[in-house]
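The structure under discussion appears below in the form of structure tokens.
The values are calculated or read from the model by the stated rules, or taken from the named source; none is laboratory data. Note that the coordinates shown come from a computational prediction; the quantities given were computed from them, not determined experimentally. Here the Cβ is made from the backbone with ideal geometry for all residues, glycine too, and neighbour counts use every protein chain on show. Side chains are part of the model used for accessible areas, which takes the heavy atoms of the whole protein and leaves out ligands, DNA and RNA. Shrake-Rupley method; radii C 1.70, N 1.55, O 1.52, S 1.80 Å.
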Amino acid sequence: MSADGKLSTRERRQVKISGALDFSRVDRLKAGCDAIMVGIGTVLADDPSLTVKSEDNRNSRLSRGADLHPVRIVVDSHARTPPDAKILHKEPGQRIIAVSQAADGKKVAELKKNATVIVAGDEMVDLMALLDELGRMGIKRLMVEGGGTLIAGLISAGLVDEIYTFIGNIIIGGKDAPTLADGPGFVKEAEFCRLSLVDVQKMEEGILVHWHVRHTT
């Protein structure tokens, strides 16, 4: 995110915030996960492939008996994922689209041609139910790349264990620009998500911060 906490511009236009070192770090982290998840907003704005890029990281996955790429997952309550989206077609691997009961049946049928569709929730995807189902499928280590609405929903549901933030040396500005945790936000201080600082390091022209989420019982 930018120095003022923004993920992109108010038009949801992708902005280069970090450089090659951080991209390599993220690729290594991605390679070590069972699955990578994004929200539909990220798919519509950036059309990501969510693949492991480095040949070394790919070989590392293959050497331990894993597929070339982690399972790619889109949280898409109303089945808006374009049929030609990169996430559905670029390189081999398993794809999952999570939709709600309110999703259009024809769009769901189209998505089923290239992905496994999980239905969870009535109007919006029930994130707790989705992660329960992913766990039953053998997905234990899940990386979420964005966007802010999905991350906020997962934090609110108590489903996040750790957070990495690269904070770059730019200011994007704009009250409508997306942040790390969008959505309605917390109202009472007692509801705030509390973090424990694990590590801070200078990287390129920014800093990388690693947090653990404090879960209340």
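General remarks:
- 3J(HN,Hα) from dihedral phi, region 19-32, Karplus parametrisation 6.51/-1.76/1.60, rounded to Hz, x for glycine, proline: x, 4, 4, 6, 4, 5, 4, 5, 5, 5, 4, 4, 5, x
- Spin-label proximity, His212 to region 176-201 - amide N less than 19 Å from point 7 Å beyond Cα toward beta carbon: 193-201
- Gyration tensor (alpha-carbon) shape descriptor, the chain, a/c threshold 1.5: rounded
- Surface composition of region 15-92: carbon and sulfur atoms hold 53% of the protein heavy-atom accessible area at a 1.4 Å probe.
- Cα gyration tensor, region 23-83 - rounded (a/c under 1.5), prolate or oblate: prolate
- Peptides 10-16, 97-103, ordered by how many other C-beta atoms sit within 10 Å of their residues on average, highest first, read 97-103, 10-16.
- Remark on Leu195: its backbone amide H falls under 5 Å from those of Arg214, a criterion applied only to residues 5 or more positions apart or on other chains, H modelled at 1.01 Å from N.
- Once backbone amide H atoms are built at 1.01 Å from N, Gly121 has Gln101, Asp126 as its partners under 5 Å, excluding neighbours fewer than 5 places away on the same chain.
- When only alpha carbons are used to place a centre, region 1-55 and region 141-176 end up 11 Å from one another.
- Given Lys16/Lys86; Lys107/Lys175; Lys16/Lys175; Lys86/Lys175; Lys6/Lys30; Lys30/Lys90, the pairs whose alpha carbons are separated by over 24 Å: Lys107/Lys175; Lys86/Lys175
- The distance between label points at Met137 and Leu197 comes to 3.8 nm (points 7 Å beyond Cα on the Cα→Cβ vector).
- Whether region 169-217 is rounded, prolate or oblate, judged on the alpha carbon gyration tensor where a/c under 1.5 counts as rounded: oblate
- Straight-distance crosslink candidates among aspartates and glutamates, where the alpha carbon sits under 13 Å from Lys113 and sequence neighbours closer than 8 are dropped: Asp84
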